[in-house]
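The values are calculated or read from the model by the stated rules, or taken from the named source; none is laboratory data. Being a predicted model, the structure only gives us computed values, none of them experimental. Because the Cβ atoms are built from the backbone with ideal geometry, glycine has one as well, and the counts that use them run over all protein chains shown. All accessible areas refer to the heavy atoms of the entire protein, side chains included, with ligands and DNA or RNA removed. Shrake-Rupley method; radii C 1.70, N 1.55, O 1.52, S 1.80 Å.
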Amino acid sequence: MSIDPYTLFSHFQGDEEALPFVAVADDELPVRDDQYGEVLPVMPLKNTVLFPGVIIPITVGRDKSIKAVSRAQDSDKFLLVLTQKDPNTEDPGSRDLYQTGTVARIVKLLKMPDGSHTVILQGRKRCTVSEWVNEEPYLQAKISRREHVSSANAIEYSALIKVIQEKARRIVELMPQIPNEAQVLLKNIQSDRFLLHFISSNLGISIEKKQGLLEMDELHRKAETLLDYLNQELQLLEVKDQIESRVRMDLEKQQRDYYLNQQLKTIQEELGQDPVEQDIEDLIARAEKKSWSKPIAEHFEKELNKLRRMNPQVAEYSVQMNYLDMMVDLPWNEFTTDRYDLKLCRQILDKDHNGLDKVKERILEHLAVLKLKGDMKSPILCLVGPPGVGKTSLGKSIARALNRNFIRMSLGGLHDESEIRGHRKTYIGAMPGRIIQSIRKARSANPVFILDEIDKIGKDFRGDPSSALLEVLDPEQNASFHDNYLDLEFDLSKVLFIATANSLSTIQPALLDRMEIIELQGYSTEEKMEIARDHLIPQVLEEHGIKPRQFRLGNEVLEQIIEQYTRESGVRNLRRQLAGVVRKAATSIATNPRKSYTVKSGELKSSLGIPRYSSEKQQEDLPAGVAIGLAWTRTGGDILFIETSISQGKGKMVLTGNLGDVMKESASTALSFIKAHASMLKISENYFEERDFHLHVPEGAIPKDGPSAGVTMLSALTSAILGKKIRPFLAMTGEITLRGKVLPVGGIKEKILAAKRAGVKCILLCEENRMHVEEVNPLHLAGLEFHYVSDMMDVLEFALDTKFEGRPQKK
């Protein structure tokens with residue numbers, strides 16, 4: 001309820017303004033004695049609605065209204081009060097007014113010196129305009145009275161009135177600007193109708209809602225509607241009171257904290273203790289031990305003086321203190337001593353990792369140059385390979401071999417450029433970038449710094465982190481790396497950055513150009529067995545609290561785990577499977593601690609489940625139209641079945657299996673080559689016009705693309721057309737052209753290992769890939785036969801074990 005402290009409940013506005021005057025009259029009790037005609041002068045009101053029994057003062061300024069009031073004053077002192085629909089209408093007519101209003105009696109009329117009139121009106125009876133008599137010189141209307149309809153449920157109606165009275169009193173209590181007399185006034189109102197009208201008149205709701213309450217004849221419905229409005233107003237006031245209470249409590253707490261802090265400061269000064277000064281002295285003592293350059297020392301002194309001038313109670317003080325603390329924590333020109341014993345470094349690297357010879361040789365070369373020259377910018381290496389081959393763990397091994405500190409930063413999913421360069425100090429919650437934070441943790445300016453998953457950096461509206469890394473990974477620029485928070489140049493040229501990635505395709509070309517790429521290839525079964533013996537099994541046993549003498553795992557069983565329960569380039573999944581076997585052993589050992597556990601081949605099913613892979617599946621009798629290809633993926637090599645079906649049709653070709661554009665083009669090239677050489681392959685001329693071809697690559701949920709499946713698609717299509725099966729245990733890879741040439745492809749080692757894992761015995765490759773096969777460790781080639789081709793007809797003759805007549809002679 002909007003209640004004015006001067007009028008107990010509110011100011012009312014008529015034509016222009018209301019005067020602070022209050023009187024209370026009972027509703028409709030004196031109406032029987034009122035004498036007025038059926039035609040009354042009309043006075044429009046704006047911004048308020050007059051209810052029966054309520055007395056309001058009105059300042060009258062419009063000519064028509066003054067004439068209407070004067071006419072009523074000179075006759076029976078009664079007039080009709082109607083509310084304007086639009087308060088902005090200056091000269092309202094009959095259409096601009098609500099048709100239901102209140103007959104009012106003029107209690108008093110005062111003429112003011114400025115020519116305006118102030119009239120005090122008392123509402124008497126609700127009525128409705130039945131006919132407009134005239135609009136000049138003032139509004140005049142014929143009226144009909146409106147009677148209230150009593151409630152049929154007297155008990156419920158009486159309860160409603162009590163609740164309304166209580167709600168109104170509660171609203172008065174929540175508004176401190178209203179005097180307590182208002183509660184007494186509400187309590188003393190005996191008439192239920194006048195209570196409804198009085199509260200409706202003073203409630204802070206819209207004019208439309210007040211007019212609706214005035215027009216309601218049913219008292220029960222009027223009471224229910226008014227109660228709904230009161231509840232809304234009460235909820236608003238209660239929320240407002242809660243907010244004000246919380247604000248008041250917060251202010252009181254701030255004042256209390258300030259008072260206690262001042263007391264604490266005074267006590268510390270009396271005891272000769274000043275924590276603020278002690279923090280500053282600690283910063284100065286730490287700064288004296290730093291071997292930083294003169295410009296950095298001057299900058300520190302400048303920022304320290306700024307801190308001394310600050311009030312410790314302001315928020316900027318802690319920001320400045322954190323900045324200076326970060327400055328003295330950074331390892332300015334602080335380096336660890338490298339280990340120059342090349343043989344010892346090689347031993348450490350070999351002990352921690354099997355294989356990975358290229359990386360080890362590159363690290364030893366860098367160490368040799370450092371030993372001879374004494375100073376050299378560190379290389380920026382990028383280790384690329386499938387998951388689980390040891391890229392990240394190799395960084396720790398390199399740090400241990402070089403006797404350097406190790407730090408790792410994961411870049412996977414990084415979107416914000418400020419994560420690299422930091423935020424400026426002006427921002428709330430500003431922090432240095434993760435490069436500077438990591439150097440701070442490393443506590444030396446020449447750590448081995450692993451940038452993990454550099455190929456998985458994101459980019460959005462907050463910037464491109466890979467572009468920010470251009471300065472970090474450029475040996476010509478990183479000697480003066482600028483962090484936005486530090487706002488000083490920091491030397492990163494002595495840091496040995498090693499980035500890791502699964503693929504180079506998603507790395508920005510400019511960033512790729514700054515790194516030295518070293519490819520890490522997958523492991524063969526023999527290498528995995530050696531890694532498991534030397535590293536994985538001891539680690540898993542230690543994690544599960546089992547001593548080496550209590551656990552035995554033979555080579556045959558270990559090889560069975562590798563070949564039947566894992567199919568990966570790395571050893572991450574192999575470690576999980578070994579953990580499953582060790583957990584089974586732990587159960588047995590915990591039951592009988594004196595007994596050792598030996599893993600047997602027949603027990604693998606109970607601990608690891610049924611075998612997931614079989615190396616014998618390529619030995620099945622593949623039908624005509626099915627060929628085995630070799631593919632490279634981010635997780636290493638894999639085999640690929642290509643299936644072909646031919647049916648009656650009109651020469652249409654359908655490709656399924658979630659194939660990319662390049663792979664689809666390879667299929668079209670293969671079919672075009674077969675059509676062009678139909679006579680040589682002894683295929684009838686109208687064969688292709690009468691049949692449809694469907695080429696499918698299984699595992700359709702996995703996207704596939706690339707040109708290396710060209711020879712496989714060619715062999716599968718020709719096999720289906722001629723009805724001849726492809727050689728058993730044969731897998732192939734190579735790109736094809738319309739000229740009939742076979743082109744080389746990449747990922748040869750991964751594909752060879754995938755073929756060996758799948759039980760393939762013969763691999764068909766392009767002649768130009770021979771040099772790549774020769775680079776592979778001979779142990780990986782054991783048990784495999786290689787056939788090299790340069791012509792697509794050579795592919796078909798070997799794959800189908802058939803000689804085709806009419807081929808041109810090779811020069």
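When restricted to Cα atoms, segment 492-563 yields an Rg and a Dmax of 18.9, 54 Å, respectively. Using R0 = 51 Å, the C-beta based FRET efficiency linking Tyr317 and Glu156 works out to 0.20. Where both bridge residues fall in segment 381-538, DSSP classifies roughly 15% of the beta bridges as antiparallel.
For segment 28-180, just say rounded, prolate or oblate: build the C-alpha gyration tensor, square-root its eigenvalues into a ≥ b ≥ c, call rounded for a/c under 1.5, and beyond that prolate if a/b exceeds b/c, oblate if not. Judged from the Cα gyration tensor, segment 28-180 comes out prolate (a/c at least 1.5, a/b above b/c). Taken along the Cα-to-beta-carbon direction at a fixed 7 Å, the label points for Asn658 and Ala285 span 6.3 nm. Here segment 141-200 and segment 292-351 have alpha carbon centers that stand 75 Å from each other. The alpha-carbon atoms of the chain, seen along their principal axes, cover 132, 96, 63 angstrom, with the largest extent given first. For segment 567-685, the Stokes-Einstein estimate of translational diffusion at 4 °C and a viscosity of 1.567 mPa s comes to 66 µm²/s, using the Kirkwood hydrodynamic radius over alpha-carbon pairs.
Hey, what number do you get for the chain at 222 nm if only DSSP H runs of n ≥ 4 count, each worth -39500 (n - 2.57), divided across all residues, to the nearest 500? Helix contribution divided over all residues of the chain: -13000 deg cm²/dmol.
Restricted to Cα atoms, segment 689-739 shows a radius of gyration and a Dmax of 12.5, 33 angstrom.
If I fit a long axis through the Cα atoms of helix 154-174 and take the longest principal axis of the Cα atoms of the chain, what angle between them do I get, 0 to 90°, rounded to 10? Taking Cα atoms only, the helix is inclined about 80 degrees.
Over segment 710-811, the reciprocal of the mean inverse Cα-Cα separation, the Kirkwood hydrodynamic radius, stands at 14.2 Å.
Placing a pseudo-label 7 Å from each Cα along the Cα-to-Cβ vector at Glu516 and Arg572 gives an inter-label distance of 2.7 nm.
Using mean Cβ contacts within 10 Å as the protection proxy, how do 762-771, 409-418, 792-801 order, highest first?
792-801, 762-771, 409-418
The local environment of Lys741, defined by Cβ-Cβ distances under 12 Å, has a net charge of -4 under the rule Lys, Arg +1 and Asp, Glu -1.
Ligands, DNA and RNA are left out, and with a 1.4 angstrom probe the accessible area of the chain is 50 Å² per residue. On the chain, 49 percent of the accessible area sits on carbon and sulfur atoms, based on a 1.4 Å probe. Approximating the spin labels as points 7 Å out from Cα along Cα→Cβ, the Leu779-to-Lys306 distance works out to 6.0 nm.
Based on the Cβ-Cβ distance from Ser588 to Thr392, what FRET efficiency comes out when R0 is 30 Å, to the nearest 0.05?
Details: r = 34 Å, r/R0 = 1.13.
It comes to 0.35.
The convex hull around the C-alpha trace of segment 452-605, projected and averaged over every direction, spans 13.8 square nanometres.
Backbone amide hydrogens, once placed in the peptide plane, bring Ile736 within less than 5 Å of Gly710, Val711, Leu743, excluding anything fewer than 5 places away on its chain.
Phi angles across segment 379-393 convert, under the Karplus curve 6.51 cos²θ - 1.76 cosθ + 1.60 with θ = phi - 60°, into 3J(HN,Hα) values of x, 10, 9, 10, 8, 10, x, x, x, x, 8, x, 5, 6, 5 Hz, Gly and Pro given as x.
Here the translational diffusion coefficient of segment 294-382 follows from Stokes-Einstein with Rh set to the Kirkwood radius across Cα pairs; for 20 °C and 1.002 mPa s it amounts to 125 µm²/s. When Phe335, Phe497 are compared by accessible area at a 1.4 angstrom probe, the order from most to least is Phe335, Phe497. Under a model in which nothing but the beta-carbon of Lys, Arg (+1) and Asp, Glu (-1) is charged, segment 289-349 shows a dipole of about 140 debye around its Cα centre. Its Cα centre serving as origin, the chain has a Cβ charge dipole (Lys and Arg +1, Asp and Glu -1) of approximately 2900 debye.
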